[in-house]
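J.: This is the structure, below, for whatever I ask next.
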Amino acid sequence: MAIAARFEVEFTRFLDAEGEATQELPAFALDPANLIPLYRAMQLTRAFDTKAIALQRTGKIGTFASALGQEAIGVGVAGAMRKEDVLVPSYRDHAAQFMRGVTMAESLLYWGGDERGSDFAVPREDFPICVPIGTQVCHAAGVAYAFRLRGEARVAACFLGDGATSKGDFYEAMNFAAVWRAPLLIVINNNQWAISVPREHQTATPTLAQKAIAAGIEGVQVDGNDVIAVHDAARKAVEKARAGGGPTLIEAISYRLGDHTTADDATRYRDADTVQQQWANEPIRRLRNYLARIGAWDPGKEERLLKECADQVNAAVEAYLAIPPPTTVAMFDHLYATLPAALQDQREAAQWFASHDGGGSHG
Ligand SMILES: Cc1ncc(C[n+]2csc(CCOP(=O)(O)OP(=O)(O)O)c2C)c(N)n1
Ligand SMILES: [Mg+2]
């Protein structure tokens, strides 16, 4: 018997849970000036998450999907992208969106059910949040293919969850991007849960990264709670894609410390002790410990940063609440160049109701 092919999946971590370096750090991480912005971005995301949940509870936004415990994934990846690249996000990727220039007020507008929240002032070519599971991977493959066709040195990056890797869209997109050597980065946020379905009931493979092998692309695993590992893998993948080396799949292993969304109650299906134990691995404390260990962080800096983040979040909430609600007829305005007669009638009826009950408001 001969071996037709052999495969392996690498796993990378630079900082352990206590923020101790387990191996020599990549060059960018040797300068704390490169790490502090990543730390800040993670803290800002967490501050936003806390506030967004409070806004949902008080009826000021609709359902919200928190990124609690998974901040390093979005921050590490978006920090490796260039402005001209394109992000194709799912619903748990505001950490990455904020780094790209999407404002927190826009994000709140989106979660408040207002489509104008997807019309980002910056970055104009990033995609809106995709709620259908896995379909965004196909969109991202298409974007990457377009870059390739046009000869543009740009990269498309998308995120999906562990659950989404069971979807055909994921395999089809990977296969397509691999064949065309499209400049695509696919990042799996393996937070161990797809709502109430645990990772081990989701798929029989020991890693999710190995799913890349069937498509003929590189698949790597990183500690998704180690922002240095995420950023390093993303940087290599983005550089490779830009240089014509084709797609990469990164599986970032993390843990969903919060509920699936504000519409979920995870205490009904998972054990509080396990969640408590997972708090020891979370990414913010890990990087803070490392920065403190090398003398680049102290309680005074921490206090100032938290205040700054809170102020920024509060300003975004105020900006959001001050935005007048969309008109009732706005929902008819962007579907057709010329509205069909039946919808024209509905538009008029909507207009009539709007002018008789005074319209809506946030919450
Ligand atoms: C096509 C489709 N099927 C089902 C759903 C309902 N749904 C919303 S979130 C979710 C679980 C996704 O889990 P995962 O991919 O692990 O992402 P996570 O929410 O953990 O980030 C499902 C099944 C959906 N949004 N779209
Ligand atoms: Mg998941």
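Quick note: the coordinates plus some simple rules give every number you see, no bench work behind them. Computed from a predicted model, the values in this text were never measured in an experiment. Note: ideal-geometry Cβ built from the backbone for every residue, glycine included; neighbour counts use all protein chains shown.
J.: Short version: ³J(HN,Hα) in whole Hz for each residue of the stretch 101-117, in order, from phi by Karplus 6.51 cos²θ - 1.76 cosθ + 1.60 (θ = phi - 60°), x for Gly and Pro, what are they?
T.: x, 5, 8, 5, 5, 4, 4, 5, 4, 4, 6, x, x, 10, 4, 5, x
J.: Right, another one. Please give me, ordered by residue number, the trypsin sites (Lys or Arg not before Pro) of the stretch 250-345 that lie in loop per DSSP and have at most 16 other Cβ atoms within 10 Å.
T.: On the way: sites: Arg256, Arg268, Arg270, Arg285, Arg286, Arg288, Arg293, Lys301, Arg304, Lys307; in loops: Arg256, Arg270.
Within the stretch 250-345, the qualifying trypsin sites (Lys or Arg not before Pro) (loop, at most 16 other Cβ atoms within 10 Å) are Arg270.
J.: Could you tell me which of rounded, prolate or oblate describes the stretch 225-357, using a ≥ b ≥ c as the square roots of the eigenvalues of the alpha-carbon gyration tensor, with rounded for a/c under 1.5 and, failing that, prolate when a/b is larger than b/c and oblate otherwise?
T.: Because a/c hits 1.5 or more and a/b exceeds b/c, the stretch 225-357 counts as prolate.
J.: Hey, another quick one. I want the local charge near Val313. Using Cβ-Cβ distances under 12 Å, sum +1 for each Lys or Arg and -1 for each Asp or Glu among the other residues. Present the calculation step by step, with values, prior to reporting the outcome.
T.: On the way: positive: Arg46, Lys51, Lys307; negative: Asp49, Glu308, Asp311, Glu318.
Net local charge, Val313 excluded: -1.
J.: Counting DSSP beta bridges with both partners in the chain, what percentage is antiparallel, nearest 5? Intermediate results must be reported in sequence, preceding the final value.
T.: Values: 3 of 27 bridges.
Around 10 percent antiparallel, to the nearest 5.
J.: What distance in nm lies between label points placed 7 Å from Cα along the C-beta direction at Met1 and Glu239?
T.: In this crude label model, Met1 to Glu239 measures out at 4.0 nm.
J.: Within a Cβ distance under 11 Å of Ala157, other residues only, what is the Lys/Arg minus Asp/Glu net charge?
T.: Numbers: positive: Arg82, Arg100, Arg154; negative: Asp85, Asp93, Asp126.
Around Ala157, the surrounding residues sum to 0.
J.: Sorting Met42, Met331 on the 10 Å Cβ count, fewest up front, what's the list?
T.: On the way: Met42 27, Met331 14.
Exposure proxy ranking, most exposed first: Met331, Met42.
J.: Taking other Cβ within 10 Å of each residue's Cβ, how do Ile129, Ile3 sort, fewest first? Mind dumping the intermediate values first?
T.: Numbers: Ile129 20, Ile3 5.
Exposure proxy ranking, most exposed first: Ile3, Ile129.
J.: Could you list which residues have their amide H under 5 Å from that of Phe14, counting only those 5 or more apart in sequence or on another chain, with H placed in the peptide plane?
T.: Placed amide hydrogens put Ala229 under 5 Å from Phe14.
J.: Another question, if that's okay. Going by how many other Cβ atoms sit within 10 Å of their own, how do Leu305, Leu321 line up, fewest first? If you can, show how the numbers build up before the last one.
T.: On the way: Leu305 18, Leu321 15.
Ranked by crowding around the Cβ, least crowded first: Leu321, Leu305.
J.: May I pose another question? What lysines could a cross-link reach from Lys307, if we take a straight Cα to Cα line under 30 Å and drop same-chain neighbours fewer than 8 places away?
T.: Lys51, Lys60, Lys83
J.: Cα gyration tensor of the chain, axes a ≥ b ≥ c as square roots of the eigenvalues: rounded (a/c below 1.5), prolate (a/b > b/c) or oblate?
T.: Numbers: a/c = 1.72, a/b = 1.27, b/c = 1.36.
Oblate shape, in that a/c is at least 1.5 and b/c is the bigger or equal ratio.
J.: Sequence-distant or interchain residues sharing an amide H contact under 5 Å with Val155, placed H: which?
T.: Excluding prolines and chain starts, which carry no amide H, the hits are Asp85, Val86.
J.: Calculate how steeply helix 135-150 sits against the longest principal axis of the alpha-carbon atoms of the chain, using the helix alpha-carbon long axis, and give the answer as 0 to 90 degrees to the nearest 10.
T.: It works out to around 80 degrees.
J.: Moving to a separate point now. Under a point-charge model restricted to the Cβ atoms of Lys and Arg (+1) and Asp and Glu (-1), what is the dipole moment magnitude of the stretch 11-321 relative to its Cα centre, in debye to the nearest 20? Mind dumping the intermediate values first?
T.: On the way: 33 positive and 39 negative charges, 103 e Å.
Once rounded to the nearest 20, the dipole reads 500 debye.
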